[in-house]
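One structure is given here, and the rest of the page talks about it.
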Amino acid sequence: MYFVHNPVWLQRLLSGFTWRRETDKPVLYLTFDDGPIPELTPWVLDVLKAHSARATFFCVGDNVRKHPAIYQRILSEGHAVGNHTFNHLNGIKTPLNTYLDNVAQCADQVQSRLFRPPYGRLTRAQSRALRSDYEIIMWDVLSADFDQTITPERCLDNVLRHARKGSIVVLHDNIKAAHNLRYALPRILSHFSDKGFQFEPLTAG
């Protein structure tokens with residue numbers, strides 16, 4: 001089970017995390033989790049460039065180690081990056097010290113004060129330990145592109161229906177999401193561009 005649009009009560013309950021950026025400007029923050037990988041990330045970068053859009057990539061450290069040229073392209077084209085652990089660990093299934101060591105290992109590859117926990121799952125102790133060094137970025141709109149039981153049209157509708165000024169939208173540059181993402185991303189960019197929106201990278205608050 002997951003929320004496509006995280007409810008206000010959840011955002012208030014977990015107020016120590018960043019769910020969206022408050023703004024009156026027509027801005028969206030597209031974020032991509034799990035890359036970089038050669039099968040999809042260069043395509044994402046091409047599509048973003050075609051729409052003069054910038055985004056934020058929450059990178060798995062081991063993927064950065066394996067594909068440094070793609071990571072450097074992300075940076076050179078003006079996108080932001082964030083730490084997504086070195087091995088895509090599930091926080092609630094991982095002991096505190098193991099988790100923090102894995103985040104630190106990713107930090108050797110990804111220099112950023114932005115952190116997103118894989119699966120959005122983090123224990124209270126992990127959160128407390130990380131907040132002194134990172135802004136923990138969640139989201140208010142989940143495309144669900146990773147969900148292979150939904151259609152690409154449904155994935156697109158998840159974003160078009162719920163995204164608004166200041167929304168942080170989660171997409172994935174991983175193999176599982178590729179089918180839905182290849183359909184949805186160009187249409188998300190075209191739809192909101194036509195409405196006068198800009199797509200900006202996140203910066204640490």
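Could you list all residues from the stretch 80-101 that are surrounded by 19 or more Cβ atoms within 10 Å (Cβ to Cβ) and out of contact with any helix residue (DSSP H, G or I) (no Cβ under 8 Å at 6 or more places or on another chain)?
Step one: filter the stretch 80-101 for residues surrounded by 19 or more Cβ atoms within 10 Å (Cβ to Cβ), giving 80-86, 89, 91, 94, 99.
Across the stretch 80-101, the qualifying residues are Ala80, Gly82.
Report yes if Arg154 is of a type outside the set (Gly, Ala, Ser) and either in contact (Cβ under 8 Å) with a residue 12 or more places away in the chain or surrounded by 15 or more Cβ atoms within 10 Å (Cβ to Cβ) (or both), otherwise no.
Details: of a type outside the set (Gly, Ala, Ser): yes; either in contact (Cβ under 8 Å) with a residue 12 or more places away in the chain or surrounded by 15 or more Cβ atoms within 10 Å (Cβ to Cβ) (or both): yes.
In short, yes.
Run Val159 past the list (1) of a type in the set (A, V, I, L, M); (2) surrounded by fewer than 22 Cβ atoms within 10 Å (Cβ to Cβ); (3) free of Cβ contacts under 8 Å to residues at least 40 places away in the same chain and report the number of the one that doesn't hold.
Unmet for Val159, out of (1) of a type in the set (A, V, I, L, M); (2) surrounded by fewer than 22 Cβ atoms within 10 Å (Cβ to Cβ); (3) free of Cβ contacts under 8 Å to residues at least 40 places away in the same chain: (2).
Since Tyr99 meets every condition but one in (1) closer than 22 Å to Leu202 by Cα; (2) modelled with pLDDT of 95 or more, which condition does it not meet?
Tyr99 satisfies all of (1) closer than 22 Å to Leu202 by Cα; (2) modelled with pLDDT of 95 or more except (1).
Among the numbered conditions (1) in a loop (DSSP other than H, G, I, E, B); (2) crowded, with 19+ Cβ neighbours inside 10 Å, tell me where Leu189 comes up short.
Against the list (1) in a loop (DSSP other than H, G, I, E, B); (2) crowded, with 19+ Cβ neighbours inside 10 Å, Leu189 comes up short only on (1).
Considering only residues that are within 14 Å of Asp101 (Cα to Cα) and either aromatic (Phe, Trp, Tyr) or under 18 Å from the mean Cα position of the chain (by Cα) (or both), which ones fall in the stretch 116-126?
Once the filter is applied, which keeps residues that are within 14 Å of Asp101 (Cα to Cα) and either aromatic (Phe, Trp, Tyr) or under 18 Å from the mean Cα position of the chain (by Cα) (or both), the stretch 116-126 yields only Pro117.
In the stretch 169-184, which residue that is among the hydrophobic types (A, V, I, L, M, F, W, C) and closer than 15 Å to Leu45 by Cα is surrounded by the most Cβ atoms within 10 Å (Cβ to Cβ)?
To start, the set of residues in the stretch 169-184 that are among the hydrophobic types (A, V, I, L, M, F, W, C) comprises 169-171, 175, 177-178, 181, 184.
Those left that are additionally closer than 15 Å to Leu45 by Cα: 171, 178, 181, 184.
Values: Leu171: 27, Ala178: 18, Leu181: 25, Ala184: 24.
Top of the filtered list is Leu171.
(1) under 28 Å from Ser190 (Cα atoms); (2) surrounded by fewer than 17 Cβ atoms within 10 Å (Cβ to Cβ): which one isn't true of Gly166, the others all being true?
(2)
Evaluate the following for Asp194: is it within 18 Å of Leu48 (Cβ to Cβ), free of Cβ contacts under 8 Å to residues at least 60 places away in the same chain and surrounded by fewer than 22 Cβ atoms within 10 Å (Cβ to Cβ)?
Details: within 18 Å of Leu48 (Cβ to Cβ): yes; free of Cβ contacts under 8 Å to residues at least 60 places away in the same chain: yes; surrounded by fewer than 22 Cβ atoms within 10 Å (Cβ to Cβ): yes.
Yes: the conditions hold for Asp194.
Would you be able to tell me the number of residues in the stretch 127-153 that are among the charged types (D, E, K, R) and either under 21 Å from Asp101 (Cα atoms) or over 19 Å from the mean Cα position of the chain (by Cα) (or both)?
Initially, the stretch 127-153 is screened for residues among the charged types (D, E, K, R), giving 128, 131, 133, 135, 140, 145, 147, 153.
Okay, now just the ones that are also either under 21 Å from Asp101 (Cα atoms) or over 19 Å from the mean Cα position of the chain (by Cα) (or both), so 128, 131, 133, 135, 153.
Counting residues in the stretch 127-153 that are among the charged types (D, E, K, R) and either under 21 Å from Asp101 (Cα atoms) or over 19 Å from the mean Cα position of the chain (by Cα) (or both) gives 5.
In the stretch 148-164, which residues are part of a helix (DSSP H, G or I) and of a type in the set (Lys, Arg)? Walk me through how you get there before you give the answer.
Our first condition is that a residue be part of a helix (DSSP H, G or I); within the stretch 148-164, this holds for 152-162.
The answer is Arg154, Arg161.
Of the numbered conditions (1) more than 18 Å from Gly35 (Cβ to Cβ); (2) in contact (Cβ under 8 Å) with a residue 40 or more places away in the chain; (3) not in a loop (DSSP other than H, G, I, E, B), Thr203 satisfies every one except a single condition; which is it?
That leaves (3) as the condition not met.
Mind listing whichever residues of the stretch 81-114 are acidic (Asp, Glu) and either without any contact (Cβ under 8 Å) to a residue 40 or more places away in the chain or assigned to a strand (DSSP E or B) (or both)? Let's see the steps before the verdict.
Keep residues of the stretch 81-114 that are acidic (Asp, Glu), which gives 101, 108.
Selection gives Asp101 alone.
The values are calculated or read from the model by the stated rules, or taken from the named source; none is laboratory data. None of the values given here were measured: they were computed from a predicted structure. Reconstructed Cβ throughout: ideal geometry from the backbone, glycine too, with neighbour counts over all protein chains shown.
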